[in-house]
Amino acid sequence: MEICTIGDPRLRQKTLELTREQLRSSAIQDLIDALIATMRSAHGAGIAAPQVGEPWRIFVVEVNQNPRYPYKPPIPLTVVVNPEIYYEKSLGTHFVYEGCLSVPNMRGKVQRYLGVRLKGWDRYGQIYEQEYRGLSAATIQHEYDHLNGVMFIDKVEDVQTLSDWDNYDKYHAKTFAHYAESVVLKYESGANDDH
Ligand code: ZN
């Protein structure tokens, strides 16, 4: 599917919760398949329905040695419908370099909670609940924000961290990858044991 890019009002649209009947429909199941295929072909770590112009509260995530984000630990393919997010505020926050399939060739630093708990349904309407930490928690917060019309650039407080991908690689990748490694070690080693 074509990915909406920044400035497209569909990225800011109000999204709708699905009933189990709507979720079972072939239109929605086809949309979920298309989201997965689009995320994979664009090498995204995740994609949310508004990014393909669809007003539903659905996102998918998958991280597996992603060339756009080599420092991100793996997340198995996960389809999340009607999610609710709980921020583990006691763990604190940190700053993460993010990018987005809807904001081509741009990265910037965003403050994210170090831990979240996500509740929702899987694609079959079964209850899904999972805790995420560190960089994986940031990925989940990024995708969840899309369902509320929020883009990562809305949350970039220090606009001087904005960088195109070439300059990110040239000037920032090494430092951030080093930091990312420490976060993964501290918060995410063994994080996938319970998947
Ligand atoms: Zn995004």
> Looking at the stretch 144-157, is at least one residue more than 16 Å from the ligand (Cβ to nearest atom) and out of contact with any His (no Cβ under 7 Å at 6 or more places or on another chain)?
Replying inline: yes
>> Here is a list: 90, 102, 163. Which entry is in contact with a strand residue (DSSP E or B) (Cβ under 6 Å, 6 or more places away or on another chain) and among the small types (Gly, Ala, Ser)?
In response: 163
> Given 80, 96, 116, which one is of a type in the set (A, V, I, L, M, F, W, C) and within 24 Å of residue 1 (Cα to Cα)?
Replying inline: 80
>> Anything in the stretch 56-84 that is over 13 Å from residue 39 (Cβ atoms), in contact (Cβ under 8 Å) with a residue 12 or more places away in the chain and not in a strand (DSSP E or B)? List them, or say none.
In response: 57, 67, 70, 71, 72, 73, 74
> Which of (1) more than 30 Å from residue 171 (Cα to Cα); (2) surrounded by fewer than 21 Cβ atoms within 10 Å (Cβ to Cβ); (3) within 12 Å of the ligand (Cβ to nearest atom) is the odd one out, the single condition residue 18 does not satisfy?
Replying inline: (3)
> Given the conditions (1) touching a strand residue (DSSP E or B) at 6+ places or on another chain (Cβ under 9 Å); (2) at pLDDT 95 or above; (3) charged (D, E, K, R), and given that residue 72 satisfies all but one, which numbered condition is not satisfied?
Replying inline: (2)
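Rundown of residues vs (1) among the aliphatic types (A, V, I, L, M); (2) closer than 30 Å to residue 188 by Cα; (3) more than 12 Å from the ligand (Cβ to nearest atom), yes/no style:
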{"residue": "5", "(1), (2), (3)": "no, no, no"}
{"residue": "9", "(1), (2), (3)": "no, no, yes"}
{"residue": "12", "(1), (2), (3)": "no, no, yes"}
{"residue": "65", "(1), (2), (3)": "no, yes, yes"}
{"residue": "71", "(1), (2), (3)": "no, yes, yes"}
{"residue": "77", "(1), (2), (3)": "yes, yes, yes"}
>> Looking at the structure I just gave you, is residue 118 away from the ligand (no atom under 15 Å from the Cβ) and within 13 Å of the chain's Cα centre (by Cα)?
In response: yes
> Can you pull out the residues in the stretch 85-110 that are out of contact with any Lys or Arg (no Cβ under 7 Å at 6 or more places or on another chain), in a strand (DSSP E or B) and surrounded by fewer than 17 Cβ atoms within 10 Å (Cβ to Cβ)?
Replying inline: 87, 104, 105
>> Return the residues of the stretch 126-137 that are over 14 Å from the mean Cα position of the chain (by Cα) and hydroxyl-bearing (Ser, Thr, Tyr); say none if nothing qualifies.
In response: 128
> Applying the selection to the stretch 138-190, what residues are free of Cβ contacts under 8 Å to residues at least 12 places away in the same chain, farther than 24 Å from residue 89 by Cα and within 20 Å of the chain's Cα centre (by Cα)?
Replying inline: 173
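The values are calculated or read from the model by the stated rules, or taken from the named source; none is laboratory data. As the structure is a computational prediction, the values presented were derived from the model and not from experiment. Please note: Cβ atoms are built from the backbone with ideal geometry, for glycine as well, and neighbour counts cover all protein chains shown.
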